[in-house]
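Here's the structure we're looking at; comments come further down.
The values are calculated or read from the model by the stated rules, or taken from the named source; none is laboratory data. Because the structure is a prediction, the values reported are computed rather than measured. Ideal geometry is used to build each Cβ from the backbone, glycine not excepted, and the neighbour counts take in all protein chains shown. SASA here: full protein model, heavy atoms, side chains in, ligands and nucleic acids out. Shrake-Rupley method; radii C 1.70, N 1.55, O 1.52, S 1.80 Å.
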Amino acid sequence: MSKLLFLFHEGFRNVWRHKLTAVTAIMSVFLVLLVIGIFIVIQQNSHHLIDRIRSEYKIEVFFENEATDSEAQESIELMKSLDGIQSVKLITKQDALNIYQNEFGEDLNEMLGFNPLPASAVIMLEKSGNTEVNVEPLIRELNQLPNVGEVVYEGTLIRRVEYFYNTSLRIITYIAIGLLIITIIVISNTVKLSVYAKQDLIHDLRSIGATKLFIKTPFIIEGMLEGMIGALLAIISILLVVHGSNAYFNDLVTFNIEFNLIGIAWILIIAVIIGFIGSYRGIRVLLK
Amino acid sequence: MISFDNVTYTYPNGMGVFNVHIRILPGEFSFLIGPSGAGKTTLIKLIYMDLFPDKGEVHVNRFASNKIKKRKIPHLRRDIGMIFQNFNLLYDRNLFENVALPLHVVGCDRKEIHDRVMALLIEVGLDDKAEFFPHELSGGEQQRGCIARGLVKDPDIILADEPTGNLDPSTAMQIIQLLERINKKGTAVLMTTHNYRLIKELGHRFIEIKDGIIQHQ
Ligand SMILES: Nc1ncnc2c1ncn2[C@@H]1O[C@H](COP(=O)(O)OP(=O)(O)OP(=O)(O)O)[C@@H](O)[C@H]1O
Ligand SMILES: [Mg+2]
């Protein structure tokens, strides 16, 4: 216990002694985690947008004219068993007639003496979170069902939206990884400096019988501490920005930007990991 | 306690120590004497197993240089009180914390550390300077601080590599007297020096080394 206390004290002392380099490291951790935090916020909130766009992804299936409502209903049961479909709503021949009448004010049945409109089905797709929606296979399957006359859907819209969404996510991920690598290098350099500055302590500790772990721990604590301070600053800033913009845009948009515990936990986990890897790289000079 | 059996260690440049036989008994006070570059520090490093012999064996307590496992080396060193030639006190902490360092390594609790460190600072006459930083101490005081640190774990041997190197003769004499006092309580002391005049009158055993070869013991 008192050993641990000593090691923590040494770790804090390292940060304090190299204030300037420590501040550099903390600032770079802060900036990187700020960017990553914003990515996380975007990622966590973009489902509002993407879901709204995806709700436009409805597919309409028109049955053949001679198909009766009950035949249509049978096909609908088959549709429901297909993957990726959230719900299917039947629009009977009579429904279609009513809709037509509502929209155009004419009763087709009366005019023509029969109902020319086919039954149809409106299919809502499952919202698949961050995974790409690919409707082409589904369309093919729908076309093969009995009584299906025509399938109408917004193919280009879906493809464009999905392509854009996925490419953005991928680019964001690459940028984040790049930034993380840079931060790890910055931390490992500060720790390395600190190791060089502590040659005499390390020498003394070695020769009075300190284990390698004992000698290394303060430097690891140093790197993790820098990571954590940077992370806290980033979290506070993001919380401020999110709350500020929620208050400001309150009237403009219907949803609130969320930055929840999962986001905070992610930032902390990333900070601990880069702090650890960074300092571990930094003390490699000690591994002899 | 310590024995060298036909030990040879050669640095890549051909310098080193050659065919060394030494035996040091528990509680013994010995000087290791020789001119600069003779191989004194090399012998000390062989004892705390910072270096390993190319030939022969070094035995320290229950550890043998040819058998010891790497991770056991810290254990060997914990039984030895080291006083270094070049490395003195650490400048980033006060005297108390310097002396306490070996106790932190073995994980003593606060009270134990405090009692032990203060007892030794009294022993070396620096109890009133516990809070001082090394740069606030004189050379002789720093060296006494180093001795306190070497002693804090109550080792059965003190290895003092040139502890009087940068001190004036009378301060150097005080340091030797301090080591003698510690030795009277049963701790073996091996001290290196190149100053023959300082020690010739003292009547202790001395081992003389020159160009890596033991001349006299
Ligand atoms: N790391 C090293 N690499 C190569 N040669 C070394 C190394 N350390 C010491 N030597 C050489 O080995 C010889 C013995 O060195 P050592 O340090 O044991 O001398 P010493 O007796 O302690 O001298 P001093 O009184 O100056 O401390 C010297 O000639 C030195 O140049
Ligand atoms: Mg020497």
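With a probe of 1.4 Å, find how much accessible area the stretch A:192-288 has per residue, and write the answer as a whole number in Å². Numbers along the way, then the final one.
Numbers: 4940 Å² over 97 residues.
Value returned for the stretch A:192-288: 51 Å² of accessible area per residue.
With a 1.4 Å probe and all protein chains left in place, how much accessible area per residue does the stretch A:58-154 have, in Å²? Provide the component values of the computation, followed by the final result.
Numbers: 5780 Å² over 97 residues.
Spelled out: the 1.4 Å probe surface of the stretch A:58-154, per residue, equals 60 Å².
Going Cα to Cα from B:LYS210, which lysines come in below 30 Å? Please leave out same-chain ones fewer than 8 positions away.
In chain and number order, the partners are B:LYS40, B:LYS45, B:LYS55, B:LYS67, B:LYS184, B:LYS200.
Have a look at A:LEU31, A:ILE181, B:MET118 and report the one farthest towards the positive end of the charge dipole of the protein assembly as shown, computed about the Cα centre with Cβ charges (Lys/Arg +1, Asp/Glu -1).
Sorting the options by dipole projection puts first B:MET118.
Gaussian network model of chain B, Cα springs within a sub-10 Å range: biggest mean-square fluctuation belongs to which of B:VAL189, B:VAL106, B:VAL124?
B:VAL106
If I build a Gaussian network model for chain B, linking alpha-carbon pairs within less than 10 angstrom, which residue out of B:ASP161, B:ASP54, B:ASP115 has the largest mean-square fluctuation?
Residue with maximal mean-square fluctuation among B:ASP161, B:ASP54, B:ASP115: B:ASP115.
Along the Cα→Cβ direction, 7 angstrom out, place labels at B:GLN215 and A:ILE273. What is the inter-label distance in nm?
In this crude label model, B:GLN215 to A:ILE273 measures out at 6.4 nm.
Using only atoms on other chains, find how many Cβ atoms lie within 10 Å of each Cβ of peptide B:105-112 and report the average. The partial results should precede the final answer.
Values: counts 10, 5, 6, 3, 4, 4, 1, 1.
Going residue by residue through B:105-112 and averaging, the value is 4.
Can you work out the PRE-style zone for A:MET1? Point 7 Å along Cα to Cβ, and I want the residues of the stretch B:94-110 with backbone N under 16 Å.
B:107-110
Using R₀ = 30 Å, calculate the FRET efficiency as 1/(1 + (r/R₀)^6) where r is the Cβ-Cβ separation of B:HIS114 and B:ASN195; round to 0.05. Kindly include the intermediate steps, with their values, before the conclusion.
Values: r = 36 Å, r/R0 = 1.21.
For R0 = 30 Å, the calculated efficiency reads 0.25.
Solvent-accessible area of B:HIS194, probe 1.4 Å, all protein chains present, reported in Å² to the nearest ten, please.
Looks like 100 Å² after rounding.
Given a 10 angstrom Cα cut-off, can you work out which residue in B:ILE33, B:ILE24, B:ILE158 is the most mobile in a GNM of chain B?
B:ILE24
Send over a whole-number figure in Å² for the accessible area per residue of chain B, probe 1.4 Å. Intermediate values should be presented prior to the final figure.
Details: 9810 Å² over 217 residues.
Solvent-accessible surface per residue comes out at 45 Å².
Just to be sure I understand the interface: list residues from the stretch A:1-40 that lose 20 Å² or more of accessible area between the chain on its own and the complete protein assembly, 1.4 Å probe.
In the stretch A:1-40, residues shielded by partner chains: A:SER2, A:LYS3, A:PHE6, A:ARG13, A:ARG17.
Write down the percent of antiparallel bridges among all DSSP beta bridges whose residues are both part of the protein assembly as shown, to the nearest 5.
On the way: 30 of 48 bridges.
Antiparallel: roughly 60 percent of the beta bridges in the protein assembly as shown.
So what does B:ARG181 come to for accessible area, using a 1.4 Å probe and Å² rounded to 10?
About 120 Å², rounded to the nearest 10.
Looking at chain B, send over the antiparallel percent of its DSSP beta bridges, to the nearest 5. Show your work: numbers first, answer last.
Details: 16 of 34 bridges.
Percent antiparallel among DSSP bridges in chain B is about 45.
Taking all protein chains in place and a 1.4 Å probe, what share, in percent, of the accessible surface of the protein assembly as shown do carbon and sulfur account for? Spell out each step's value before the answer.
Numbers: 15020 of 25730 Å².
Here carbon and sulfur together make up 58 percent of the probe-accessible area.
Just tell me which lysines come within less than 20 Å, Cα to Cα, of A:LYS198; anything on the same chain fewer than 8 places away is out.
Those lysines meeting the cut-off are A:LYS3, A:LYS19, A:LYS212, A:LYS216, A:LYS288.
May I ask for the angle, rounded to the nearest 10°, between helix A:261-282 and the longest principal axis of chain A, with both axes built from Cα atoms and the value confined to 0 to 90°?
Taking Cα atoms only, the helix is inclined about 40 degrees.
Compute the acute angle (0 to 90°) between the alpha-carbon long axis of helix B:139-151 and the principal axis of greatest extent of the alpha-carbon atoms of chain B; round to the nearest 10°.
On a 0 to 90 degree scale, this one is about 80.
Take the alpha carbon gyration tensor of the stretch A:58-154, find the square roots of its eigenvalues, order them as a ≥ b ≥ c, and report rounded if a/c is under 1.5; if not, report prolate when a/b exceeds b/c, else oblate.
Values: a/c = 2.69, a/b = 1.89, b/c = 1.43.
It is prolate, given that a/c is not under 1.5 and a/b is the larger ratio.
What does the extension gain come out to for A:ILE236 and A:ARG159, with contour length at 0.36 nm per residue minus their alpha carbon separation?
Working: separation 77, 0.36 × 77 = 27.72 nm, distance 3.78 nm.
Working it through step by step, the gained length comes to 23.9 nm.
Please compute the length gained on full extension between A:GLU136 and A:ASN166, using 0.36 nm multiplied by the number of residues separating them and subtracting their Cα-Cα distance. Display every interim value, and only then the final one.
Numbers: separation 30, 0.36 × 30 = 10.80 nm, distance 1.70 nm.
The A:GLU136-A:ASN166 span can extend by a further 9.1 nm.
What is the calculated FRET efficiency for A:GLN43 to A:MET111, with r their C-beta to C-beta distance and R₀ = 60 Å, to the nearest 0.05?
Values: r = 54 Å, r/R0 = 0.90.
Efficiency for this residue pair is about 0.65.
Place the peptides A:58-68, A:86-96 in order of packing, highest mean first, counting for every residue the other Cβ atoms within 10 Å and averaging per peptide. Spell out each step's value before the answer.
Working: A:58-68: 17.4, A:86-96: 15.7.
Descending packing order for the listed peptides: A:58-68, A:86-96.
Taking each residue of A:151-158 in turn, how many C-beta atoms of other protein chains fall within 10 Å of its C-beta, and what is the average?
Numbers: counts 0, 0, 0, 0, 0, 0, 0, 0.
Going residue by residue through A:151-158 and averaging, the value is 0.
Let me know the mean shielding of A:205-218 by other chains, meaning the per-residue number of their Cβ atoms within 10 Å of its Cβ. Could you put the intermediate results ahead of the total?
Numbers: counts 7, 5, 14, 18, 14, 8, 5, 3, 0, 5, 2, 0, 0, 0.
Taking the mean over all residues of the peptide, I get 6.
By how many nm would the segment from A:SER245 to A:ILE181 grow when fully extended, if each residue of separation counts as 0.36 nm and the alpha-carbon distance is taken off? Walk me through the intermediate numbers first.
Details: separation 64, 0.36 × 64 = 23.04 nm, distance 3.02 nm.
Stretched fully, the A:SER245-A:ILE181 segment lengthens by 20.0 nm.
So how exposed is A:LYS80, as accessible area in Å² (1.4 Å probe, rounded to 10)?
100 Å²
Using only protein heavy atoms and a 1.4 Å probe, how much accessible area in total is buried between B and A, to the nearest 100 Å²?
2000 Å²
Taking the Cα-to-Cβ direction at A:SER81 and at B:VAL106 and moving 7 Å from each Cα, how far apart do the two end points lie in nm?
7.8 nm
On a 0 to 90 degree scale, rounded to 10, what angle separates helix A:69-80 from the longest Cα axis of chain A?
The answer is roughly 10 degrees.
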